[in-house]
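Working notes, beginning with the structure itself.
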Amino acid sequence: MLDVLFRPKSVAVIGASTKELSIGNRIVKNLIDFGFKGSIYPISLKSDEILGVKAYKSILEVPGDIDVVHMVIPSKFVPQAIDDCGDKGVKFVILNGGGFAEVGPEGAAIEEDCLVRAKAHGIRILGPNCQGIINTDPDVRAYCNFTFTKPDPGSISIVALSGGVAETIHQAFSEMGIGTRMYASNGNACDITIPEILNYYGDDEGTRVILLYVEGLRDPEAFLKAASEVAAKKPILAMKAGRTEEGAKAAASHTGGLAKVDLATDLIFEKTGILSFTDEAELCHAAVAFSSQPIPKGNRVGMITNTGGPAVIATDVFVNAGMEIPPLSKKAEAILQEKLFPEASVGNPIDVLATAGAEQFRTAIDVIMDEDQLDSVYINFVTPFFVDAESIAREIVEVNQESKKPIICNLMTDKRQWKGTVDILKEGGVPYYSFPSTAAKVLTALTKYHEIRTREIGEARRFEDVDRENVAAILQKAKGAGREWLSATEVYQILGAYGIPTADWQVTTNSEEAVKAAAEIDFPVVVKVDADTIVHKSDVGGVVVDLWDNDAVRSTVEEMEERLNTKDLRFLIQKYLPGGKEIIIGAKAEEGLGHLVMFGIGGIYVEIMKDVIFKLTPVTTVEAHEMISSLQAAPLLRGIRGGKGVNQERIVEIIQRVSQLVSDCPTIQELDLNPIIAYEDQVLVVDARIFIANSH
Ligand code: ADP
Ligand code: MG
């Protein structure tokens with residue numbers, strides 16, 4: 001679909017200019033300088049020739065076909081120019097200029113007009129307000145972009161919402177001497193979307209790794225679909241910025257506002273198997289390794305070093321990230337003892353000593369490659385003047401060519417004096433970095449990717465014993481009555497209909513009924529106020545626990561009646577459940593994605609502790625288990641110091657029943673089960689709230 005955009009045979013620039021510091025000049029120059037393999041057609045009312053290339057007054061005068069047209073003219077002229085492109089049979093238009101949706105309603109109207117016209121002509125638009133594309137493929141050499149970094153050919157393809165970030169990324173690769181494959185930045189993205197570009201990169205054979213930078217997702221549903229398809233084919237490394245409220249504001253104001261979905265983006269990354277980064281340097285460093293190294297089969301790293309301290313730093317990074325540095329086998333130790341210098345350390349890390357030459361390094365690398373219990377190789381390589389560093393580098397490259405296990409190198413040298421050594425590693429595709437922790441983090445990223453890709457998230461359980469119609473009827477009725485918060489009766493009926501276990505309950509309207517209900521439920525009980533106007537019951541003194549007889553229930557109800565003095569007061573009488581652990585399960589609707597489901601330690605401290613985990617619906621059994629095990633307070637639920645743990649299987653089931661409930665009933669905007677009281681055997685909801693949308 002996007003092939004003609006990324007592999008154009010001809011490019012025209014409407015608004016081409018002889019003025020050196022203009023975009024209309026720059027794009028023509030970039031195409032020429034980058035060695036574009038197709039034809040270039042500058043379109044200019046003023047000049048017959050631009051940078052030595054024949055220019056035309058109108059696109060309609062151009063003799064040949066045109067695949068891609070850049071428009072570098074004021075936005076008000078763009079709609080007409082799009083019609084001209086339609087007459088000419090142009091396939092893609094790149095709108096570099098601004099003056100569209102990002103400036104306000106007037107610009108948005110122009111953008112809409114452009115889109116309508118383009119659709120009528122079968123033209124696709126990239127942008128507006130965007131940089132364009134780059135393709136370094138030697139058969140294409142398209143630099144349809146006005147910026148300045150000229151990448152070498154490589155296998156990393158980039159899609160970035162922000163041109164500025166893209167430039168930073170390009171610069172980083174350029175400094176590391178690493179080439180890239182394709183690049184696209186779609187600015188306001190009125191037509192061509194990031195999911196489409198991802199799909200295109202996914203199909204492109206020359207792309208080995210995809211690097212994605214976003215500040216929010218415009219169409220999460222389309223993204224989820226594309227990302228899961230593409231991530232199954234090749235690694236997608238992504239960074240989502242705008243994580244703080246301030247950051248999100250900056251993002252929103254700069255590209256027409258996308259950053260409203262924050263948490264959901266992370267969850268989509270997680271669900272689709274995208275490796276997520278929070279630091280752009282780490283993202284770029286990792287991409288280099290992904291473009292040349294195999295993915296390790298596990299987290300066990302073999303370390304080689306010819307200097308002490310850096311190995312200590314790398315070890316700390318590995319251990320903190322959950323990597324293992326297992327001991328070597330007896331056989332491996334024997335080989336090392338025989339072939340390394342006597343003072344060398346033959347454990348893991350293997351310290352080959354600063355005096356080690358090519359032979360010693362080679363022995364150590366081969367040993368790690370042959371050890372079944374090791375999955376990857378980390379090398380600290382300092383270049384003392386008394387060894388032949390180039391021949392060491394050659395040995396590393398030779399082993400690397402076999403591509404058995406990933407090799408990551410921390411190269412400590414003067415990169416100018418030891419240029420020969422650096423170039424050998426670079427040309428041999430060995431990723432090298434200037435800090436031990438940088439190199440160690442890269443290897444950790446490769447390992448994490450292996451974990452992500454081999455993680456079976458399984459299927460969401462479907463419960464058949466649910467009464468969906470009953471719930472639909474309850475919701476419909478509440479909606480009809482114009483209520484947004486459901487009453488206790490409605491909420492507990494809904495939970496009952498979905499097999500979500502609750503403490504025994506009855507709703508009553510006066511003290512007589514309350515006393516009767518308490519006797520039926522059996523003491524001890526709890527009295528809670530229930531009224532349309534009261535959301536947080538404890539805040540108004542509307543929860544009294546641990547009541548043991550009729551008098552206590554009666555006086556509690558009567559006291560609340562008098563004090564709260566609201567009409568339509570009801571009283572929930574509930575079994576009192578002491579001594580359990582309080583947990584919370586919640587759900588929140590997320591436009592285009594279903595719901596986010598939350599699990600955590602509950603009760604009144606949930607806001608302070610913030611020890612909660614989110615997942616996207618439908619929550620699978622594996623994910624539900626992860627929600628429990630990844631809590632900071634997980635040990636509390638497992639039981640500590642002789643204390644009993646809680647029934648985790650039951651919690652997993654409730655999480656999945658909630659996931660099914662909200663998926664079946666999209667009207668539910670928010671649901672809170674807080675707290676749920678969990679014991680070794682039973683797990684019972686004692687408080688629940690449901691908020692529905694009346695707009696839907
Ligand atoms: P709200 O959240 O509206 O203030 P809750 O029903 O959650 O009201 O009650 C507040 C707190 O009282 C709960 O967090 C819990 O600690 C305790 N509680 C409420 N119901 C029970 C019950 N049935 N058994 C034991 N403790 C309860
Ligand atoms: Mg509560």
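Every condition in (1) among the β-branched types (Val, Ile, Thr); (2) surrounded by 19 or more Cβ atoms within 10 Å (Cβ to Cβ); (3) within 16 Å of ligand 1 (Cβ to nearest atom) is met by VAL619 except one, and the failing one is (3). Does GLY603 meet the test of being under 39 Å from the mean Cα position of the chain (by Cα), touching a residue at least 12 places away in the same chain (Cβ under 8 Å), more than 15 Å from ligand 2 (Cβ to nearest atom) and not assigned by TED's automatic domain parsing to the domain that holds LEU263? Judged against the criteria, GLY603 is not a match. The criterion of at least 2 residues that are within 14 Å of ligand 1 (Cβ to nearest atom) and β-branched (Val, Ile, Thr) is met, among strands (runs of 3 or more DSSP E) falling completely within the stretch 656-696, by 668-678, 683-685.
Among the candidates SER58, SER39, SER44, SER75, which residue alone is modelled with pLDDT of 95 or more, hydroxyl-bearing (Ser, Thr, Tyr) and under 20 Å from LEU5 (Cα atoms)? Even if it seems obvious, please write down each step before you answer.
On the way: SER58 fails: under 20 Å from LEU5 (Cα atoms); SER44 fails: under 20 Å from LEU5 (Cα atoms); SER75 fails: under 20 Å from LEU5 (Cα atoms).
After applying the criteria, what remains is SER39.
Pick from GLU469, GLU464: which is part of a loop (DSSP other than H, G, I, E, B), free of Cβ contacts under 8 Å to residues at least 24 places away in the same chain and within 28 Å of ILE651 (Cα to Cα)?
On the way: GLU469 fails: part of a loop (DSSP other than H, G, I, E, B).
Only one candidate qualifies: GLU464.
On the stretch given as the stretch 502-519, residues that are free of Cβ contacts under 8 Å to residues at least 40 places away in the same chain and within 16 Å of ligand 2 (Cβ to nearest atom) total 0. Applying the condition of being loosely packed, with under 14 Cβ neighbours inside 10 Å and of a type in the set (Gly, Ala, Ser) to the stretch 520-549 and asking which residue is nearest to ligand 2 (Cβ to nearest atom) yields SER538.
So, PRO524, is that one within 16 Å of ligand 1 (Cβ to nearest atom) and either closer than 30 Å to ILE457 by Cα or not aromatic (Phe, Trp, Tyr) (or both) or not? Outline the logic, then answer.
Details: within 16 Å of ligand 1 (Cβ to nearest atom): yes; either closer than 30 Å to ILE457 by Cα or not aromatic (Phe, Trp, Tyr) (or both): yes.
For PRO524, the condition - within 16 Å of ligand 1 (Cβ to nearest atom) and either closer than 30 Å to ILE457 by Cα or not aromatic (Phe, Trp, Tyr) (or both) - is met.
Within the stretch 534-559, the set of residues being over 16 Å from GLN506 (Cβ atoms) and away from ligand 1 (no atom under 13 Å from the Cβ) comprises TRP548, ASP549, ASP551, ALA552, SER555, GLU558, GLU559.
In the stretch 272-287, the residues that are under 23 Å from ILE407 (Cβ atoms) form Cβ pairs under 7 Å with partners that are surrounded by fewer than 21 Cβ atoms within 10 Å (Cβ to Cβ) and charged (D, E, K, R), at six or more places apart or across chains, as follows: LEU275/LYS448.
Kindly state which strands (runs of 3 or more DSSP E) lie completely within the stretch 112-193 and contain at least 2 residues that are farther than 21 Å from LYS37 by Cβ.
Details: elements: 124-126, 132-135, 142-144, 156-160, 182-185.
Correct list: 124-126, 156-160.
Is it true that GLY594 is closer than 29 Å to GLU464 by Cα, within 16 Å of ligand 2 (Cβ to nearest atom) and under 36 Å from the mean Cα position of the chain (by Cα)? Spelling it out, it is not the case that GLY594 is closer than 29 Å to GLU464 by Cα, within 16 Å of ligand 2 (Cβ to nearest atom) and under 36 Å from the mean Cα position of the chain (by Cα).
The set of residues in the stretch 48-74 being closer than 20 Å to CYS130 by Cβ and surrounded by fewer than 16 Cβ atoms within 10 Å (Cβ to Cβ) consists of PRO74 alone.
The values are calculated or read from the model by the stated rules, or taken from the named source; none is laboratory data. No experiment lies behind these values; they were computed from the predicted model shown. Virtual Cβ from ideal backbone geometry, glycine too; neighbours counted across all protein chains shown.
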